[in-house]
């Protein structure tokens, strides 16, 4: 097995939302841009402390809605349904089943599921010293912040939505690129995407697979 691609994939998938980003200082930021940066800084601070209750205040509703869908799949989807999900969806659904006890899974709200993921380190808090936020473009209620690596633009953007006069971060914005990274990594390792997902689940606590992983939680 080639270790380097797997390590790169692991870093990308689990740590991307937690990259340590700094404001790029080539120009004076507008009031709106400063508000976006403030939101990111607050989210990053809460994430670093694994404080889900505070972090979720800065997370966009579309991300909460996404977690609601994945929570529903974790509770009720059969193996065929889960196998047919996009790989990012599959990873989150199976992560819930592998790491959260039955009673909690059946009773937690979507917001509580996000809080739990952050509290338990399912959303990584590590960062990169050479990553910064570059130019920020704002149109209506959507803001996009360019990612810079070693002061050079990277093909990544942080996305924010203005909700009730506050900017909130969209944690699903990286999913298309993550899907591509997973597919490429699986090919390089000569694994199926599902095999790779299961392998990654073993890399984090509890470092084993729940024997009921592919069953709906309602049938445990």
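What follows draws every value from the coordinates through simple rules; no lab data is involved. Bear in mind that the values here come from a model prediction, so they are computed numbers and not experimental data. Positions of Cβ are generated from backbone atoms using ideal geometry, with glycine treated the same way; all protein chains shown enter the neighbour counts.
The Cα center of region 180-198 and the Cα center of region 57-80 differ in position by 23 Å. Using a cutoff of 8 angstrom between alpha carbon atoms and counting only pairs six or more residues apart, the relative contact order for region 140-199 works out to 20 percent. Shown for 139, 168: other C-beta atoms within 10 Å of each C-beta, ranked fewest to most, produce the order 139, 168. Multiplying the residue separation of residue 199 and residue 86 by 0.36 nm and subtracting their alpha-carbon distance yields 39.0 nm. Between residue 61 and residue 49, the modelled label-to-label distance comes to 2.7 nm, taking each label 7 Å out from Cα in the direction of the beta carbon.
With each label modelled as a point 7 angstrom along the Cα→C-beta vector, the residue 187-residue 78 pair spans 3.3 nm.
Can you sort 193, 132, 72 so the residue with the fewest Cβ neighbours within 10 Å comes first? Don't skip to the answer; put the middle values down first.
On the way: 193 18, 132 22, 72 12.
By the 10 Å Cβ count, ascending: 72, 193, 132.
A Förster radius of 35 Å, combined with the Cβ-Cβ distance separating residue 166 from residue 106, puts the computed FRET efficiency at roughly 0.65. Put in line by how crowded their Cβ is, counting other Cβ atoms within 10 Å and starting with the fewest, 185, 172, 180 read 180, 172, 185.
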